[in-house]
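Notes for the one structure printed next.
The values are calculated or read from the model by the stated rules, or taken from the named source; none is laboratory data. As the structure is a computational prediction, the values presented were derived from the model and not from experiment. Note that each Cβ is placed from the backbone with ideal geometry, even for glycine, and that neighbours are counted across all protein chains shown. When the accessible area is computed, the model is the full protein with side chains, heavy atoms only, and any ligands, DNA or RNA have been set aside. Shrake-Rupley method; radii C 1.70, N 1.55, O 1.52, S 1.80 Å.
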Amino acid sequence: MTWLTDLLAEYGEDIATSMAETGYMMLVSLLAAVLIGLPLGMIVYLTERGGIAENRAIATIANLYINVVRSFPFLLLVVFLIPFTRLVMGTSFGTQAATLPLCFVAVAIYARLTEQILREIPPGIPKVAQASGATVPQTVFLMLLPEARSGLVYALTSAAISLLSYSTVLGVVGGGGIGDFAMRYGYQEYNDSLMYLTIVIIIVCVLAIQAVGHRTSVRLDHR
C-alpha cells in the first residue's frame, strides 16, 4: 500500500479540492432539481390531457423544455450554453459557471422522473380529492406529494448519480471536479495508479449516494 500512501501524500490536497468542487456542483444542481424540476414535473402531470388542471399549452411548453434539454449530448449543451453562461455569470470558466448547464440538465431530468413517479399514483386518488372539493394546491400537498414522497426521493437519488457522471466532463470549461482531476493528472500524465484511485473514489461516492437514497426512500414508504 506504499503506492497509495505516496499518491495521497502528493495529490491528497488536490483530490480534496476536486472533491469539494464536485460537491459544490452536485449541491447546487440538486437544489435546482428540487426547487425547479419538482414543480415542473408536477405541472406536466397536472396539466396533461385528463389531468386535474388540464392545460395543453402549458403542458406542451414544459414538455418541450424537458425533451430538448434531455436530447442534447451534455458536452454539446455545455458548449451551446457558453454565451448564456457568460451573460449570466460574467464568465464561462470556473466551477460556478460550469454549474449552470448542470442545473439545466438537473431540472429536466428530475422533472421527467417526477412526472413518471406521479403517474404511478392510482388515478382515483386525485379524482377523489377533486370530487371532495379540494383545490389543486390542496390535492398536491395533501394527497400527491405524501403518496409519492418515497418514489421522489429514489428518483432524486438516480438524478444525483447521473449528475455526478455529467459533472466529470465539466473540465472542458474549467469546471474542475474529480473527473477533471482524473483526466488531467491521471490520464494525460499517464499516471494510471492515480487515475484508478480517482475512479474508485467516484464509485464509492455513487455507492454512498445510492445507499443513503435507498434507505431514505424505504423509510418514507408507508404503503
Subject >> Set Ala134, Ala182, Ala160: member being under 21 Å from Ile199 (Cα atoms) and without any contact (Cβ under 8 Å) to a residue 60 or more places away in the chain >> reply: Ala182
Subject >> Residues located in region 139-193, provided they are open to solvent by 50 Å² or more (accessible area, probe 1.4 Å), of a type in the set (S, T, N, Q) and over 18 Å from the mean Cα position of the chain (by Cα) >> reply: Gln188, Ser193
Original post:
Hey, among Ile203, Ile209, Ile125, which residue is more than 30 Å from Tyr45 (Cβ to Cβ) and part of a helix (DSSP H, G or I)?
Top reply: Ile203
Original post:
Hey, among the residues in region 1-28 that are over 21 Å from the mean Cα position of the chain (by Cα) and open to solvent by less than 20 Å² (accessible area, probe 1.4 Å), which one's modelled with the lowest pLDDT?
Top reply: Leu7
Original post:
For the subset of region 70-101 comprising residues that are of a type in the set (A, V, I, L, M) and more than 18 Å from Thr168 (Cα to Cα), which member is most open to solvent (accessible area, probe 1.4 Å)?
Top reply: Leu87
Subject >> region 128-140: number of residues that are closer than 19 Å to Pro39 by Cβ and assigned to a helix (DSSP H, G or I) >> reply: 6
**OP:** Kindly check whether there is at least one residue in region 29-43 that is modelled with pLDDT of 90 or more, farther than 28 Å from Pro137 by Cβ and open to solvent by 30 Å² or more (accessible area, probe 1.4 Å).
**Re:** no
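In region 151-163, is there at least one residue being within 20 Å of Arg112 (Cβ to Cβ), at pLDDT 90 or above and touching an Asp or Glu at 6+ places or on another chain (Cβ under 8 Å)?
Initially, region 151-163 is screened for residues within 20 Å of Arg112 (Cβ to Cβ), giving 151-163.
Then keep just the ones that are at pLDDT 90 or above; that gives 151-163.
Narrowing further to those that are touching an Asp or Glu at 6+ places or on another chain (Cβ under 8 Å): 151.
Yes, region 151-163 has at least one match.
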Original post:
With respect to the numbered conditions (1) farther than 24 Å from Leu81 by Cα; (2) buried (at least 19 other Cβ atoms within 10 Å of the Cβ), which one is the sole condition not fulfilled by Ala134?
Top reply: (2)
Original post:
Here are Thr198, Thr216: which of them is crowded, with 20+ Cβ neighbours inside 10 Å, touching a helix residue (DSSP H, G or I) at 6+ places or on another chain (Cβ under 9 Å), in a helix (DSSP H, G or I) and modelled with pLDDT under 90?
Top reply: Thr198
